[in-house]
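Asker: A single structure is presented below for examination.
Taken together, the values in this text are just the output of simple stated rules run on the coordinates, not laboratory data. Keep in mind that what you see is a predicted model, and the values were worked out from it rather than measured. Positions of Cβ are generated from backbone atoms using ideal geometry, with glycine treated the same way; all protein chains shown enter the neighbour counts.
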Amino acid sequence: MRKFILDTDWWSDCDDAVAIRLLCNAHLKKEIELLGINVNACMEYSIPALDVFTRDRGVIVPFGLDHKATDFEDELSYQKHLAEAGMPQRRNEDVPEGVDFYLQLLSEAENFSVEILSIGFTQVLAALLKHPAGKELISQKVTHLWIMAGKWDEEHGAEYNFYKNELTRRSGAELCDNWPTPITFLGWEVGNTVLTGGQLPDGDLLKQVMNDHGSPNGRCSWDPMLCLLAVTGDPETAGYRSVYGKASVDPADGSNTFAADPQGPHRYVVKKFNDTWYAEAINSRLILSSQTH
């Protein structure tokens with residue numbers, strides 16, 4: 001069974017919640033094993049809200065948190081209400097720093113490999129690369145990085161996860177330059193017109209999140225499309241063609257470029273089908289039967 005660690009901003013947008021629901025359900029169906037979740041943007045309700053949301057699915061995994069990542073300055077819409085919807089058993093102070101979280105989980109991966117999913121900012125992964133033991137652990141234990149970041153349908157594209165602030169611009173550049181495993185990018189242009197999460201039953205916590213965010217009819221599917229691609233494991237099977245080469249991020253402005261090369265270590269994906277095809281694939285995975293749950 002393939003094993004994943006998720007890195008998420010769990011911040012101002014609700015597509016993270018759709019993606020986490022998809023991963024929790026895949027974990028419960030034993031399609032994958034979710035080893036843990038790191039949150040790379042920090043506010044008061046980061047861990048309590050995530051704890052309530054995942055525990056509601058019956059999924060209890062380790063969490064990490066970048067406790068210092070408090071300067072993203074976005075309007076938060078759903079975390080406080082979500083934390084208050086249950087009885088969180090973990091709070092921010094109960095979980096380790098993000099780099100320590102990764103060091104522990106990767107060190108414990110004795111007889112298996114790990115894949116990392118990134119659907120937020122990249123500073124924790126970049127910091128892990130700089131840790132004395134980090135890059136070696138990544139090289140030994142991680143087989144692939146799947147990342148929702150960049151805008152690849154134009155030269156010098158600009159996308160939030162890379163350009164948000166000085167920290168994300170610099171860390172995105174470091175990640176592209178130094179990450180030792182293959183990387184698959186799903187860019188902004190892929191998920192922007194695919195809406196998911198708008199067909200949920202009353203009483204579902206994900207529906208509460210979507211409503212609180214102001215997206216009761218669905219939200220752009222950047223993060224869930226990346227997660228479904230990773231769970232599927234093969235872009236062709238998941239409905240994409242791949243463009244191979246080497247990705248770069250400008251540390252000054254966060255814009256991305258891509259040098260095509262069939263033997264390159266990176267690839268970005270391009271949709272082969274219409275938006276409805278991908279939306280149906282994601283929405284069908286957001287509800288589990290009572291037997292599975």
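Asker: Taking the range 91-106 as the region of interest, how many residues are farther than 17 Å from THR181 by Cα and without any contact (Cβ under 8 Å) to a residue 60 or more places away in the chain?
Answerer: Our first condition is that a residue be farther than 17 Å from THR181 by Cα; within the range 91-106, this holds for 91-101, 104-105.
Imposing the further condition that a residue be without any contact (Cβ under 8 Å) to a residue 60 or more places away in the chain reduces the set to 91-97, 99-100, 104.
Total meeting the criteria: 10.
Asker: Report the residue count in the range 23-43 for those that are crowded, with 24+ Cβ neighbours inside 10 Å, among the β-branched types (Val, Ile, Thr) and closer than 17 Å to VAL114 by Cβ.
Answerer: Qualifying residue count, the range 23-43: 1.
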